[in-house]
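Data first, discussion second: the structure below is written as structure tokens.
The values are calculated or read from the model by the stated rules, or taken from the named source; none is laboratory data. No experiment lies behind these values; they were computed from the predicted model shown. FYI the Cβ positions are ideal-geometry reconstructions off the backbone, even for glycines, and counts take in every protein chain you see.
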Amino acid sequence: MKRSFRSVWVICLWFVGLSFSNAQTKTVKYLSGTGNDDTVLWDFTVTGGMRAGEQTKIPVPSNWELHGFGQYNYGFDKEEKKGKEEGLYKYTFQVDKAWKGSVVNLVFEGVMTDAEVKVNGKSAGAIHQGAFYVFKYDISKLLNYTGKNLLEVTVAKHSANKSVNAAEREGDFWVFGGIFRPVYLEAFPQDHIQRVSIDAKADGQFRSIIKKQGKADAVQVQLHDAAGRSYGEVLRADFEGDQAELKGTFSDPALWSSEFPNLYQAHISLFQNGKKVHEMRQKFGFRTVEVKERDGVYVNGVKIKFKGVNRHSFTPESGRTTSKAVSIHDVNLIKEMNMNAVRMAHYPPDNHFLEVCDSLGLYVMNELGGWHGYYDTPTGTKLTEEMMIASENHPSIIFWANGNEGGHNPELDSVFFANDIQKRPLIYPWAVYGGFETTHYREYNYGIGTYDHGHNIVMPTEFLHGMFDGGHGAGIEDYWKAMWANPLSAGGFLWDFQDQGVIRTDKNNFVDTKGNLGADGIVGPHYEKEGSFYTIKEVWSPIFFEKREMTAGFDGTFHIENRYAFTNINQCSFSYELKKLGQYGEDKGSRTGTITAPDIAPYDKGILKLDFPAEWRDYDALYITAKDRNGLEIFTWSFPISLPNKVAQNFIRKGNAAIETSESDSSYLVAANGITLKFNKRSGFLEEVKNANGVIPFNNGPQVEEAVTNYKNFTLRRDGDTVVIASTFDKKESYNTLTWTVYPSGQLKMHVQYFPKEYFTKYVGVNFSFPEDKIKGVEYMGNGPYRVWKNRMKGNQFGVWKKDYNDVATGEVPFIYPEFKGYHSHMYWTKFMTDEQSFLVFTDREDVFLRLFTPKEQQDTDWKNMEPTFPSGDISFMNGISAIGTKTQKPETTGPMGMKHVYYDFEKEPIRALHMVLYFDFSGQ
């Protein structure tokens, strides 16, 4: 319970003290709290599972499992494991005696799943079936206006209606029980506005249908803008029966879109014989949604590409019970990834979530409950109407969805069309319907006739299914390139936003994702950001940078593209930072400045011009940050200025100490400046490293992966003041070569020239052994801090990073990101740290990948599908790395970047070989 008893009593007294003498507005009295951050204790008993039969109290709203009652269930649970307990709720309340003579409704915003309601021992009305819908009862005649009232609600977690269970409780998500959304009373005068439906078009055309209850004979509407000023003329109409229609034209309205979420408010007044008897206010937005067959979706006349994600109403501590604060947080986080759309999966959300989408700007697909099952027609008709009445005026809603993945009842289509004054498009997720092709988890090359060469608007309502570290970011760059280029593509919706990890009160508060079933999010249960978060943020940036190298001839010009639909780039702001990079945490100096935002219209290309200082090449990296018109970061791009060959010169120490050599039958032994190195004569591998502090357990390499390691005929020779151990090249017998150079400083240089074994290969590089239990962390210069895959390279920044060791599996407890193990891109140098000492590896070559061990395999994960492959050994330095698949796709079906590498070389000549050059400093300094 978040609200104290005293505060509850104060609030109740405030309501009791209200005068209802002004009977022209609705008065609301909450019987519950307003969300998971504001609850009220009700009397409660559960009939089965944990704490069955105990007469106690429970916070309302809530899901009872999260408070230690009943039984936890996932939608795939077998029949005998499904929770079929009931919850018995009681609550005593009072109302203002001035309410007598008014219409008083008892409103439930959501109950899981069947709700039987009694007031003062009498039935309030028919049992309501369906969890995610606002329903109400007129209890005016059941209330005691001078004393206490008893509310009793019997909630059946498992519905008596099989179609409700099929639609809501047999899907791929957690299922709960309880009064999980707010409960309140609303009091109206006898003559009042019952329903307001608004259709406001981008051209200023306004139409509203007002439904009333009682004897009022006329209605008028005055619009107000966001500043509260009257806008346009007052509209008036007389009722014909219980309905009146108002029409008007308003000049130059500020339009609503995800980029400019301009809202208006309609002040609606009801009259009887010229006297105002009721008034209310309704927010709305002017905007036009149009589907053009074989073309696309247009908002306010502009074609839109939807960058969307699926979202459940969910928190780990409270299940499906959320709050306005949760809605604000989620929408901000979704927009932080540069998304512009969200699909409600797989049921209508809290109304405050839609309010936040209205005010902050997200396109919404609002969905009737369903997974692979659907409501029967009588039940579905009632629930569809309830959904639409509650949410019809939200400008953020631009699509309705009739169920999901085969859970479509076509008999309900007419209900959508009849109840929506705006006639929004109706979608069948994972079906061809209404001019849309929405197939889920389509492979990149889906097939001629349905994807690149089809005729329907392509808009997958789920794609790139996340799990482990695959999906979401892995493949999205390829998909988005294709989607952006295809005129019939309207974008799509990723699956999904957040890992559904429930705090199990019966398992010492363990965060349970039901194995891999609930671990599909871009963020963790508590919004821990995975690497894909930043990949999506960059790929879906509305400002696109063409690739640019920081060469000597660079004149400060960047070619960019405006991928906004309504925003000119000159409404954004840009800044830059030039930075000198040293060791981790070292400040070697930087320089910052602003960049004039160019005038580039939506969907046009142009130039971003930086006025750099003359000495810009003295810095190591350039960072450019773009912010939107609200001052929020779009993305920060990084551009290396200093290349590895320049940075390497800062580390190379040739020294002047004498080098001692010796050999045995199997090994070469080389000692210089306190460093002793042992090499195998036959393989050329580094066998042992010692310094003054002891043995460094880095050895058994370089083993070449995905290639035939055929170094042969090693010799040791002196070359000036260095010692060289090298193999001999032979086009047939020894075409891979290894050369070691030992400097007087004790530093060691390795140069491997090699040819991949196969025409197609998952990865190529060289491996070394290092005991994982000895590593404590790394510091490195390169792209970070997140690991990468071949098909997920974007989202990181170039810089110097520090990572402490962890052994986490993405999507599992503990949700620690960034993960330590895996591939890391664009390595310049890496400092490996143990408890005893450290050693440094650096390179003078570009595009080297660092591999840190093999990531822990996630429980219940079919890695065979995702194929996150790694070489042997423990630490690797790679020229090419592997891709990763998704929960539903192998890597190669996520696009070209997911395919294996192709190294075609029919002549084994040194000039054609791949090269790996590394320097090792084992001094421990």
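Let's see how each residue does on (1) surrounded by 18 or more Cβ atoms within 10 Å (Cβ to Cβ); (2) of a type in the set (Ser, Thr, Tyr); (3) in contact (Cβ under 8 Å) with a residue 12 or more places away in the chain; (4) not assigned by TED's automatic domain parsing to the domain that holds Ser923:
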{"residue": "Glu705", "(1), (2), (3), (4)": "yes, no, yes, no"}
{"residue": "Asp719", "(1), (2), (3), (4)": "no, no, yes, no"}
{"residue": "Val724", "(1), (2), (3), (4)": "no, no, yes, no"}
{"residue": "Lys762", "(1), (2), (3), (4)": "yes, no, yes, yes"}
{"residue": "Ile775", "(1), (2), (3), (4)": "yes, no, yes, yes"}
{"residue": "Val800", "(1), (2), (3), (4)": "yes, no, yes, yes"}
{"residue": "Glu812", "(1), (2), (3), (4)": "yes, no, yes, yes"}
Could you list, ordered by first residue, the pairs with Cβ atoms under 6 Å in which the first is in the stretch 498-527 and among the hydroxyl-bearing types (Ser, Thr, Tyr) and the second is surrounded by fewer than 17 Cβ atoms within 10 Å (Cβ to Cβ), at least 6 apart or interchain?
Thr505/Gly68
Strands (runs of 3 or more DSSP E) fully within the stretch 333-447 counting 3 or more residues that are in contact with a strand residue (DSSP E or B) (Cβ under 9 Å, 6 or more places away or on another chain) and closer than 24 Å to Gln500 by Cα:
341-344, 363-367
Where in the stretch 771-841 are there strands (runs of 3 or more DSSP E), lying wholly inside it, with at least 3 residues that are under 30 Å from Phe544 (Cα atoms) and more than 23 Å from the chain's Cα centre (by Cα)?
777-784, 797-804
Just name the residue that is farthest from Tyr759 (Cα to Cα) out of those in the stretch 878-899 that are of a type in the set (A, V, I, L, M, F, W, C) and in contact with a Phe, Trp or Tyr (Cβ under 7 Å, 6 or more places away or on another chain).
Ile884
I'd like the residue in the stretch 159-176 that is part of a loop (DSSP other than H, G, I, E, B) and more than 15 Å from Gly373 (Cα to Cα) and, out of all such residues, is farthest from the chain's Cα centre (by Cα).
Ala160
Could you tell me whether any residue of the stretch 47-57 is crowded, with 24+ Cβ neighbours inside 10 Å, in contact with a strand residue (DSSP E or B) (Cβ under 7 Å, 6 or more places away or on another chain) and part of a strand (DSSP E or B)?
no
Scope the stretch 261-317; condition within 24 Å of Ala485 (Cα to Cα), under 25 Å from the mean Cα position of the chain (by Cα) and not hydroxyl-bearing (Ser, Thr, Tyr); matching residues
Gly296, Val297, Val299, Lys303, Ile304, Lys305, Phe306, Lys307, Gly308, Val309, Asn310
Take the conditions crowded, with 23+ Cβ neighbours inside 10 Å, basic (Lys, Arg) and either in a strand (DSSP E or B) or under 39 Å from the mean Cα position of the chain (by Cα) (or both) and apply them to Arg195. Does it pass?
no
Residue identified as touching a Ser or Thr at 6+ places or on another chain (Cβ under 7 Å), touching a residue at least 24 places away in the same chain (Cβ under 8 Å) and within 16 Å of Asp199 (Cα to Cα) among His224, His267
His224
Candidate set: the stretch 729-754, residues that are part of a loop (DSSP other than H, G, I, E, B) and touching a strand residue (DSSP E or B) at 6+ places or on another chain (Cβ under 6 Å); chosen: the one modelled with the lowest pLDDT:
Phe729
In the stretch 126-141, is there at least one residue being touching a Ser or Thr at 6+ places or on another chain (Cβ under 8 Å) and acidic (Asp, Glu)?
no
So, in the stretch 144-161, how many residues would count as being among the charged types (D, E, K, R) and within 18 Å of Tyr91 (Cα to Cα)?
2
Evaluate the following for Glu846: is it part of a loop (DSSP other than H, G, I, E, B), on the phi < 0 side of the Ramachandran plot, acidic (Asp, Glu) and out of contact with any Leu (no Cβ under 6 Å at 6 or more places or on another chain)?
yes
Determine which member of the set Lys605, Lys646 is surrounded by fewer than 19 Cβ atoms within 10 Å (Cβ to Cβ) and touching a residue at least 40 places away in the same chain (Cβ under 8 Å).
Lys605
In the stretch 128-148, the residues that are surrounded by fewer than 18 Cβ atoms within 10 Å (Cβ to Cβ) and out of contact with any strand residue (DSSP E or B) (no Cβ under 8 Å at 6 or more places or on another chain)
Lys141, Asn144, Tyr145, Thr146, Gly147
Output the residues belonging to the stretch 119-158 that are in a strand (DSSP E or B) and within 20 Å of Phe180 (Cβ to Cβ).
His128, Gln129, Phe135, Lys136, Tyr137, Leu151, Glu152, Val153, Thr154, Val155, Ala156
Regarding the stretch 77-94, can at least one residue be identified that is closer than 21 Å to Pro189 by Cα and crowded, with 23+ Cβ neighbours inside 10 Å?
no
Output for the stretch 619-672, where each listed residue is in the same structural domain as Arg591 (by TED's automatic domain parsing), acidic (Asp, Glu) and either touching a Gly at 6+ places or on another chain (Cβ under 9 Å) or assigned to a loop (DSSP other than H, G, I, E, B) (or both)
Asp620, Asp628
Among the residues of the stretch 466-481, is any surrounded by fewer than 24 Cβ atoms within 10 Å (Cβ to Cβ) and assigned to a loop (DSSP other than H, G, I, E, B)?
no
Enumeration of residues in the stretch 397-437 that are among the polar types (S, T, N, Q) and more than 23 Å from His455 (Cβ to Cβ)
Asn404, Asn409, Ser414, Asn419, Gln422
